[in-house]
Structures are given as structure tokens and as C-alpha cells.
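Throughout, read-outs are computed from the coordinates displayed, never taken from laboratory work. Worth saying up front: this structure is predicted, and the values here are computed from it rather than measured. Quick reminder, even Gly has a Cβ in these numbers, built from the backbone with ideal geometry, and neighbours come from all protein chains shown.
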Amino acid sequence: MSGETPLPATDPRSSPTRRISIVHVRSGVHILPREMLGTSTFGVAMKLLKWLPTQVVDRFLLIMAKMMIGDTEKYGLKRPKVGPLELKNTTGKTPVLDVGALSLIRDERIKIVSEVESLTSDGARFVDGGEMAFHAVVFATGYKSNVPLWLKDAGGVLTAEGKPEEHPFPNGEKGIYFVGFSGKGLLGASVDAIKTALDVSARWTRLSETKDVVGL
């Protein structure tokens, strides 16, 4: 359900015809319906953001979500105190769109469990003292930039964490542009790509004009 969720996949004690997945959501998660008002939820959000503040749009999304998919907290899926879009803007955590998981949770084919304390030889032990055995355990713990592994001799461009140094975007430092590092998902990557294209075009135009002047 979340990008940072350890996901013990299947409980071997369930019947062969009814496998049960066990999910631990380490932190709060915003679950939103896939569509609202006949269009994609993110599409609705982007349109509203053109006219309304983020907090107002967040409030609208949460009201609609509660009307359409109900109260997710009663299934152990706590919502963060910060709204979904504001959380995305400040931390990069993207809301989860429900494409059928909630119905499986209601049907108890997916179970939400407490925080994992440690792994055992055949499963996991939880902070509430319970233990379960699993066929497989999947760690969805996010990712780390590996840019420094293949982008060498780029001193002053990258931080130790492999992210671009703080500077107005884009600046084309050393001919390098970073797209998708804003922490704002696909929308942020789209904005970065457009800004990069415009900046490259402007630089090329200036370079062409300079060459024309030199040629004269």
C-alpha cells in the first residue's frame, strides 16, 4: 500500500484456495479513490490547484475519499495529519490510489498488522508480541539515488546523497540537467522537463546568435 511498507506476502497457514497477504504500513498513508467526478483523482486535484490553495484542495479530496471509500482508519490505515497534496509537496510521499486493495482488506484477504519488530527464521515478530510465518517477505523501503555511481567528476553539482545541489532550476550547470528530483512525482518531472527544454532552447538560440555575430 505504501512505498515504504514491508510487505510479508503470503501466510502459508491460509487455505490453498484462499491466500492471505499481510501488510504492515510503517507510517500514515493517504488512500484516495482512483477517480472522482468521472475523471482521475490527480486530474481533479491539478485543475482545482489552479484556482484554490493546496489546503483547500486537500480538504476536498479527503471529504470525497471518505464519501467514496469510507473511513480507512478502521482497517488500521491511519491517515497523516497533513493533507495528501501538502504531504507530497513537503516530503515527496505520494497518495495511494485504490485500485481494489480496499475491497480485499474488507474481505480480509489482506490483513493490516502492527509494526514489525524483527524477522524470524520463518517469518516476522511484531511489536505487539505476535508472530507469523510467511512464504516470502518483500521490503518496499523506497530507493536511493545511484547517480554518483555513474556520473563521475561532477564536483559541486551533486550532494553526498546523490541529489542536485540547491539552486534555481534549471541552470544547466556543466551541461547537466536534473529532471524528476523535485520530490513532486510525475507532475514535478513534467514541469522539470518543460523548463529544461525551454532553457536548452534559449541557450541554443543565444549560442547561434553569437556564432552569427562572430561570423560577420
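Segment residue 182..residue 152, full-extension length gain: 8.6 nm, with 0.36 nm per residue of separation and the alpha-carbon distance subtracted.
Could you tell me whether region 93-141 comes out rounded, prolate or oblate from its Cα gyration tensor? Rule is a ≥ b ≥ c as square roots of the eigenvalues, rounded for a/c under 1.5, then prolate if a/b exceeds b/c, otherwise oblate. Intermediate values should be presented prior to the final figure.
Working: a/c = 2.09, a/b = 1.66, b/c = 1.26.
Prolate, since a/c reaches 1.5 and a/b exceeds b/c.
Extension gain for residue 56-residue 166 works out to 36.7 nm (0.36 nm per residue, less the C-alpha to C-alpha distance). Between residue 91 and residue 109, the simple label model (points 7 Å from Cα in the Cβ direction) yields a spacing of 3.0 nm.
Would you please classify the overall shape of region 57-97 from the alpha carbon gyration tensor, given that a ≥ b ≥ c denote the square roots of the eigenvalues, rounded means a/c under 1.5, and beyond that prolate means a/b larger than b/c while oblate covers the rest?
Details: a/c = 2.22, a/b = 1.42, b/c = 1.56.
Note, shape of region 57-97 comes out oblate.
Here r is the Cβ-Cβ distance between residue 118 and residue 78 and R0 is 22 Å; the resulting FRET efficiency, rounded to 0.05, is 0.45. Among the listed pairs 81/163; 50/88; 47/195, those whose Cα-Cα separation exceeds 22 Å are 81/163.
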